[in-house]
Amino acid sequence: MLDDLSLQIANAYQHGMPLCARPYQAMAQALGCGEPQLLDCLHRLQEAGVLGRIGPVFEHRQAGASTLAALPVAPHEVETVAERISQYPEVNHNYLREHRYNLWFVITAPDRVRIDQILAELAADTGLAPLDLPMVQAYRIDLGFPLEAAQ
């Protein structure tokens, strides 16, 4: 169960954080708490697995290039290959699915050349040919949802 501060943070900042030198300080002020209290709350939420990530989401076409990729990884190699993929700072999602192509990840890089380089390195390292699915058209949806205290 989420406490009041956790709910306030989730409801207020799902769609963006303050763009300033001290965003957590600005968030804390807006929520009526101290910055250390806010940071502690965020840390607890991450440790509990409630929050997977805190940070910006860039419009990749404005920031560079992006692709959705997948590899058909043998079950006994999933952890090793997933760890290898996650070593790239350009990888911002990396997850297992039930499919022949079972390890899916998103690469966002300054340009397509860097994406191709990463995919080639992963192919060489794993012996697997990545499925490369660059976006053709984005359809925006609101990924946020209001959270309420349990009744």
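The values are calculated or read from the model by the stated rules, or taken from the named source; none is laboratory data. All values reported here derive from a predicted model rather than from experimental measurement. Ideal geometry is used to build each Cβ from the backbone, glycine not excepted, and the neighbour counts take in all protein chains shown. Heads up: the accessible areas ignore ligands, DNA and RNA and are worked out on the full protein's heavy atoms, side chains in. Shrake-Rupley method; radii C 1.70, N 1.55, O 1.52, S 1.80 Å.
The listed residues are Thr67, Thr80, and the only one of them that is of a type in the set (Ser, Thr, Tyr), within 29 Å of Leu131 (Cβ to Cβ) and surrounded by fewer than 14 Cβ atoms within 10 Å (Cβ to Cβ) turns out to be Thr80.
Put simply, of Gln25, Gln14, Gln62, Gln46 the only residue that is open to solvent by 50 Å² or more (accessible area, probe 1.4 Å) and more than 21 Å from the chain's Cα centre (by Cα) is Gln25.
Table: residues versus (1) in contact (Cβ under 8 Å) with a residue 24 or more places away in the chain; (2) touching a Pro at 6+ places or on another chain (Cβ under 7 Å); (3) part of a loop (DSSP other than H, G, I, E, B); (4) of a type outside the set (Ser, Thr, Tyr).
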position: Ala12; (1), (2), (3), (4): no, no, no, yes
position: Cys20; (1), (2), (3), (4): no, no, yes, yes
position: Met27; (1), (2), (3), (4): no, yes, no, yes
position: Gln37; (1), (2), (3), (4): yes, no, no, yes
position: Cys41; (1), (2), (3), (4): yes, no, no, yes
position: Gly49; (1), (2), (3), (4): no, no, yes, yes
position: Gly52; (1), (2), (3), (4): no, no, yes, yes
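Selection of first residues in the stretch 97-120 that are more than 17 Å from Leu131 (Cβ to Cβ) and at pLDDT 95 or above and of second residues that are open to solvent by 20 Å² or more (accessible area, probe 1.4 Å) and not in a loop (DSSP other than H, G, I, E, B), restricted to Cβ pairs under 7 Å at least 6 apart or on distinct chains, gives an empty result. Within the span defined as the stretch 67-77, one or more residues are among the aliphatic types (A, V, I, L, M), more than 26 Å from Leu19 (Cα to Cα) and assigned to a loop (DSSP other than H, G, I, E, B). Evaluate the following for Arg97: is it of a type in the set (Lys, Arg) and within 19 Å of Ala12 (Cα to Cα)? Against the criterion (of a type in the set (Lys, Arg) and within 19 Å of Ala12 (Cα to Cα)), Arg97 does not qualify.
Scanning the stretch 1-10 for residues that are among the acidic types (Asp, Glu) and either assigned to a helix (DSSP H, G or I) or under 19 Å from the mean Cα position of the chain (by Cα) (or both) turns up just one, Asp4. Within the span defined as the stretch 81-89, one or more residues are in contact with a Ser or Thr (Cβ under 7 Å, 6 or more places away or on another chain) and aliphatic (A, V, I, L, M).
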